Structure formats: structure tokens, C-alpha cells
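Comments concern the structure below.
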Amino acid sequence: MLSMFGLTGGLALLIILTIRGMNLFIAAPLCALIVAVSSGIPLIHGDENFITLYMSGFSGFIAAWFFMFLLGAIFGKFMEDTGAADSVARWIVDKLGFKQAVLAVVLACAILTYGGVSLFVVAFSVYPMALSLFKDANLPRRFIPATLAFGSVTFTMTSAGSPEIQNWIPIKYLGTSPFAAWEVSLVVAAFMATFGYWWLKRMIGRAVANGEQFDVRPEDPKVAVRDYPHPITGVLPLLIVLILSFCLHDSMAHLALIVALSGGVLSLMIINFQHFHNLSAAINAGTTGALVAIGNTAAVVGFGSIAKHTDAFQHTVEIMTQIPGNELIGAAIAVSVIAGLTGSASGGQAIVLPLVGPHYVDQGVQPEQLHRIVSISSGALDSLPHNGYVVTTIRAICKETHQAAYPAMAALTVVVPLIGLSIAIALFSIF
């Protein structure tokens with residue numbers, strides 16, 4: 001009982017402190033300490049003590065993702081410093097008009113995500129263009145995180161055929177394919193895309209009607225009047241990242257992204273070398289941004305590492321995997337809750353699937369249906385305020401606060417996927 005109280009209390013406190021803007025290097029270990037003490041995890045003694053468990057999660061995430069964060073941040077800064085992002089943004093506005101600025105950002109994120117580029121890297125890469133588009137269209141910048149997230153972690157991340165890990169983990173446990181239940185997936189993705197975009201435009205429209213505008217900040221990139229490069233010089237590096245990631249994904253797994261981003265960075269340097277405003281400053285800023293982003297995310301991952309070793313967490317997993325009634329509903333609830341506790345869609349799948357996969361398949365559930373339900377459900381409650389992607393996108397990349405940016409992000413990355421999940425379960429139940 002004490003362990004359960006500590007786990008829920010620590011998670012609630014982490015969410016509150018995150019929303020209030022407390023430094024995650026302090027908030028995450030502090031909340032993890034509460035969870036550890038209430039669960040009887042030793043602080044310094046033994047092989048599985050608080051420091052060892054927390055730092056294994058912290059350092060493990062950095063070891064796995066450092067080069068992706070670094071190259072992604074540098075790529076984004078190069079797009080910004082050369083003026084390539086501004087050039088692409090201006091071209092889009094000229095062709096589509098100011099009213100389509102939001103659509104342009106959503107489509108850019110969706111194409112890169114469905115092409116296999118990591119969600120974090122998509123945010124780094126598209127943010128400079130999003131900032132330019134929102135500035136030119138005079139839209140409130142607090143909606144940029146929600147726009148980036150909507151195009152990345154909703155109708156693309158968990159859809160059939162997506163190369164993102166959230167669509168591939170179930171294959172290992174269910175023996176399915178990445179195109180499992182593609183018919184239902186297509187319907188759900190279409191709903192999330194149309195309804196989510198309508199809702200995003202409605203929220204931005206209300207803010208503009210209330211007098212909100214784009215607020216220029218001192219830290220925004222200031223580039224002197226210049227000759228901007230041709231828009232194609234900003235599009236080509238993005239295409240190179242997309243093509244390399246897509247072609248090498250099967251053979252190199254996540255290492256393909258390092259090659260793809262390296263290709264993007266090099267091509268951007270070669271094509272737009274003469275347009276750099278300050279190359280060394282861009283590299284330094286990109287490196288610093290990457291360290292802050294991966295550090296914030298790793299701090300939250302460390303909290304999840306402590307949580308997974310508590311008796312309360314193990315008991316929660318057991319309860320979630322034994323929910324009576326409709327098996328698909330039980331699987332959806334189990335994955336959603338565990339993903340919310342760990343702040344990770346992939347983490348929720350990896351923990352729950354080994355338990356529920358064989359259990360539900362033995363009861364006659366079609367593996368393809370289970371695959372799709374698990375995939376979609378993992379992308380809902382994982383986007384609570386303490387989620388690593390949410391923290392990185394809002395704070396480290398967009399330099400916003402949770403108070404300003406998270407409500408819109410929650411609507412699009414929590415509520416919309418939950419509705420989509422309900423539609424998927426209903427369709428599977430009917431057909």
C-alpha cells in the first residue's frame with residue numbers, strides 16, 4: 001500500500017512540478033527518490049540501489065540516443081542559420097497563403113515521421129521552419145509544440161506501415177507485420193488527421209480572435225537582411241534524411257538515423273555553405289541544445305527506471321493484464337496505463353506485450369487486431385506532461401512553458417488518440 005501511494009504520489013508530483021516549470025534535473029530525481037523510499041529501495045547499498053537504478057535509466061537513454069539528438073539539433077540549427085528554413089517557409093506562404101502555415105508544419109512532420117525519422121529529430125528539424133511560418137502568418141507561437149506533436153505522434157506514429165518503433169515492437173511478440181489491420185488503421189488515421197487538424201485550427205483561431213499574436217523574443221535568431229537561398233536547398237537535405245532513413249531502416253535499425261542525419265547535415269553544409277551567417281555559433285548552439293534536450297528526457301527516463309522496480313508497479317502490471325471482459329479493451333487499458341506511468345509509448349508496449357500477447361492470442365484474439373490496438377493505445381496517455389518527447393519539444397526546442405503550450409498538446413496527443421482508439425475497438429468489435 002505504501003509503495004502504491006509513493007508511486008502515484010511521486011508521479012503526480014512530477015507532473016505538477018513539470019507543469020510549474022521546475023528544472024527536471026531536480027524534479028525527476030526528487031520524485032524518483034520519493035518512489036524509492038516508499039518502496040523500500042535502498043539509497044546506496046546493494047546492487048539495485050536508488051543511485052544505480054536511476055543512473056542506469058539516465059545513462060542508458062543517453063547512450064542510445066546521444067548522436068541522434070546531437071545531429072538532429074545541429075541539422076535544425078543549420079537550417080536556421082543558413083536561412084534555408086526561412087526560405088522554405090516563405091515559399092510555402094507564397095504558394096499556399098498564410099492560412100496554410102499550420103498545415104505545412106503538420107505535413108512536414110507527418111512525412112518525416114512516416115519516413116522513419118525519429119520523433120525527437122523531426123521536432124528539431126522542423127521547428128526552424130515552423131517558427132518562420134508562424135511568424136510570417138502572425139500566429140501565437142505557443143501552439144508550435146502542439147502542431148509539431150500532432151504531425152508526429154498521432155496519425156503517423158502508430159499507423160499501419162509506419163517505421164516508428166511503436167508500430168514495430170508488437171511484431172516481435174505477435175508475429176504480425178507492420179501493416180497489421182491496415183484497413184482499420186487507415187480509418188482511424190484519417191479520423192485523427194482530420195479531426196485533430198480541425199481542432200488545432202479552431203484553438204489557434206480562437207486565440208487569434210482574442211487578440212493573440214506572434215511574440216518576438218530576444219533569443220529568436222536574428223539574421224541580417226540577406227539573399228535567401230533557393231527553397232529547394234532547404235527541401236533537398238530533408239529529402240536526403242527521409243530517403244536514407246527509409247532505405248536503411250530495415251538493415252541498420254535505429255543506427256540508420258545516424259547515417260541519415262549525417263547525410264542531411266553534410267548536404268546542407270555543401271549546398272548552402274555560402275549562406276551560413278555564423279557556422280561556429282550554429283554548431284555551438286546546436287550542441288548545447290542537444291545536451292539540454294537529451295538531459296531533460298534522460299532525467300524523466302531515470303524516474304521511469306525507478307518506478308519499474310517497485311512492488312506497486314509490478315502489482316499494477318498484474319492487475320492491468322488481468323482485466324476481465326473484452327480482450328481488446330483490456331489490452332488497450334493495460335498498455336495505456338503502463339505507458340502513462342512510464343511516460344513512454346514504447347516502454348508501455350515492451351512491458352505489457354510479453355504478458356498480454358500470448359494470453360490474449362490463446363483466448364482467440366486475432367494477432368493483427370491486438371497489434372493495432374496495442375500500437376494506437378500506446379500513443380495516448382504516454383503524452384502526459386512528464387513524457388520525454390513532450391518535455392523536450394515544449395522546453396528545450398520551442399522554449400515554451402507547460403502552462404502555455406501543454407493544453408493544446410494534450411488535446412491533440414492524448415484526447416484525439418483516445419477517441420481514435422475507441423473507434424478502432426468499435427470497428428474490430430463490429431467486423
Hey, can you list the DSSP H helices of the chain whose Cα span along the axis is 30 Å or longer and whose average Kyte-Doolittle score is at least 0.0? 50-81, 182-209, 279-307
Given [x] 21.9, 72; [y] 21.5, 63; [z] 21.4, 67 as possible values of Rg and Dmax of the Cα atoms in Å, the one from the coordinates is [z]
In the chain, carbon and sulfur make up what percent of the accessible area (probe 1.4 Å)? 68 percent
Considering only VAL105, ASN210, VAL122, whose Cα is most displaced toward the positive end of the charge dipole of segment 90-215, charges sitting on Cβ of Lys, Arg (+1) and Asp, Glu (-1)? ASN210
Check: segment 1-144 dipole with +1 on Lys, Arg Cβ and -1 on Asp, Glu Cβ, in debye: 500 debye
How many Å² of accessible area per residue for the chain, probe 1.4 Å? 41 Å²
With contacts defined as alpha carbon pairs under 8 Å and 6 or more residues apart, what's the relative contact order of segment 82-154 in percent? 43 percent
If amide H atoms are modeled at 1.01 Å from N in the peptide plane, then the residues at a separation of 5 or more from ASN49, or on another chain, having amide H under 5 Å from its own are none
Could you work out which residue, out of SER336, SER280, SER346, moves most in a Gaussian network model of the chain, that is, has the largest mean-square fluctuation with Cα springs under 10 Å? SER280
Most fluctuating residue of GLY234, GLY161, GLY325 in a GNM of the chain with Cα springs under 10 Å: which is it? GLY325
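The values are calculated or read from the model by the stated rules, or taken from the named source; none is laboratory data. Since the structure is predicted, the reported quantities are computational estimates derived from the model, not experimental observations. Reconstructed Cβ throughout: ideal geometry from the backbone, glycine too, with neighbour counts over all protein chains shown. Calculation scope for accessible area: heavy atoms of the full protein, side chains included, ligands and nucleic acids excluded. Shrake-Rupley method; radii C 1.70, N 1.55, O 1.52, S 1.80 Å.
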